[in-house]
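Written below as structure tokens is the structure these notes are about.
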Amino acid sequence: MASEEEQQKADQTLAQQLAESEQAMYEQSQQQIQEIEDEVRQTQALVGGKETIEAGLISAYDQATSPEYYQKALELSNRYSHIRKIRGDGNCFYRATLTAVIERVLHNRDELEPLNVLCKGWRKRLMDQNFPELTTGDFCDAMETLLESIKENLKTNEVLMDDLNQDGIANYYVAFLRLITSGYLRENEAEYAGFIEGGRTLDQYCIDEIEPMWKDCDHLSIIALVNALILFINKNSVKNITEISGTTITKMPREIKEVKEFLVVSRRKDAKYVLVKTNPQNVKFKVRCSKYLYTLVLADKEKASKVKSSLPNGLTVKEIK
């Protein structure tokens, strides 16, 4: 019979083996995720070229397997003629807003100076809120320089799009938009603090969700960015639209929309595989298509199981640890 000391050593060895195995699985899953992200960077531009909405959106949905989304794409084509695709890297809403605003003032010079004045005004507003002077100043400088170069006719559309596709240049502009989004919420804390989930303060929410790069934009940050720029942004994303009739838009609860869109995306003709990662807190799904990656996170394990069983036959499902 093993002594108590021998048993303790055996338990320690087993615990060490389990820890090493868990670490190896974690590193493997991180490597898989990194490979997917690298593939996205290699195959999709930060800001895509202008495409007709028929080629860029309608053709992505099969009328037979995704009739509702196909119809919504058709309805959007009655409002818009072209689209640009933005890489889904967590900065996509900020980058899309940046691209739309800058391209607009490039061709509508009467709107350039008001935007220039607004952006310059944000420097003082951010400093008044004790944002770090050195880095904040750099991001403000970058945005002001961009607008001045447009004012002085130093930017053609081609040069502008080239700049917006270079991480080292464009991410300064994205960071500026993130800062003014955070700044607007902080200026209006009393109005927005009640919408922060998870028991966090508004300050912590801004630090966790808005100011870091590559963090996805949620509804609260969208509202803040729109107000920070004093712009009306018509956020017609297919997942948000269940009915278009004049200006009437009916919305579904957020999680239902996300599940529905995920299942629709998984049925796209170019869907390659789905990664499923089960954590103690949630289940994360990632469906890989030819040009982008779509993520769904569900806290309800039973609902996640139903989603998994609803995936189309023939689509490869990979469980990652």
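Taking the conditions (1) of a type outside the set (Lys, Arg); (2) modelled with pLDDT of 90 or more; (3) assigned to a helix (DSSP H, G or I) in turn, residue 22 satisfies each one other than (2). Only one of the numbered conditions (1) over 18 Å from residue 142 (Cβ atoms); (2) over 26 Å from the mean Cα position of the chain (by Cα) is not met by residue 121, and that is (1).
When the test is whether a residue is closer than 22 Å to residue 187 by Cα and at pLDDT 95 or above, residue 141 passes it.
Do we find a residue being under 22 Å from the mean Cα position of the chain (by Cα) and free of Cβ contacts under 8 Å to residues at least 40 places away in the same chain anywhere in region 147-156? No, the conditions are met nowhere in region 147-156.
Of a type in the set (S, T, N, Q) and farther than 19 Å from residue 177 by Cα - does that describe any residue in region 86-102? Before you say what the answer is, go through the steps one by one.
Filtering region 86-102 down to residues of a type in the set (S, T, N, Q) leaves 91, 97, 99.
Narrowing further to those that are farther than 19 Å from residue 177 by Cα: none.
No, region 86-102 contains no residue that is of a type in the set (S, T, N, Q) and farther than 19 Å from residue 177 by Cα.
Looking for whichever is crowded, with 19+ Cβ neighbours inside 10 Å, touching a Ser or Thr at 6+ places or on another chain (Cβ under 7 Å) and touching a residue at least 40 places away in the same chain (Cβ under 8 Å) here; the options are 126, 98, 46. Which one fits? Exactly one of 126, 98, 46 is crowded, with 19+ Cβ neighbours inside 10 Å, touching a Ser or Thr at 6+ places or on another chain (Cβ under 7 Å) and touching a residue at least 40 places away in the same chain (Cβ under 8 Å), namely 126.
Against the condition crowded, with 22+ Cβ neighbours inside 10 Å, over 17 Å from the mean Cα position of the chain (by Cα) and part of a helix (DSSP H, G or I), how does residue 180 come out, does it pass? Taking the combined requirement at face value, the residue satisfies it. How do the pairs read when you match residues in region 70-82 that are surrounded by 15 or more Cβ atoms within 10 Å (Cβ to Cβ) and among the hydrophobic types (A, V, I, L, M, F, W, C) with residues anywhere that are at pLDDT below 90 and in a helix (DSSP H, G or I), using Cβ under 7 Å and keeping only pairs 6 or more apart or on different chains? Partner pairs satisfying both residue conditions: 73/238. Look at residue 117 and say whether it is loosely packed, with under 13 Cβ neighbours inside 10 Å and β-branched (Val, Ile, Thr). Taking the combined requirement at face value, the residue satisfies it.
Restricting attention to region 261-293, the residues that are assigned to a strand (DSSP E or B), modelled with pLDDT of 80 or more and either among the aliphatic types (A, V, I, L, M) or touching a Ser or Thr at 6+ places or on another chain (Cβ under 9 Å) (or both) total 10.
With a requirement of 2 or more residues that are closer than 27 Å to residue 269 by Cβ and of a type in the set (S, T, N, Q), the helices (runs of 4 or more DSSP H) lying completely within region 29-139 that satisfy it span 67-77.
Of all the listed residues (110, 89, 62), the sole one being farther than 17 Å from residue 230 by Cβ and in the same structural domain as residue 152 (by TED's automatic domain parsing) is 89.
Of all the residues in region 40-63, those that are at pLDDT below 75 and out of contact with any strand residue (DSSP E or B) (no Cβ under 8 Å at 6 or more places or on another chain) number 2.
Which condition does residue 99 not pass, out of (1) farther than 23 Å from residue 217 by Cα; (2) touching a strand residue (DSSP E or B) at 6+ places or on another chain (Cβ under 9 Å); (3) not aromatic (Phe, Trp, Tyr), if it passes all the others? Every listed condition holds for residue 99 apart from (1). Looking only at region 141-198, how many residues end up being touching an Asp or Glu at 6+ places or on another chain (Cβ under 8 Å), over 29 Å from residue 110 (Cβ atoms) and not charged (D, E, K, R)? Number satisfying all stated conditions: 1.
The values are calculated or read from the model by the stated rules, or taken from the named source; none is laboratory data. These numbers come from a predicted model, not from an experiment. FYI the Cβ positions are ideal-geometry reconstructions off the backbone, even for glycines, and counts take in every protein chain you see.
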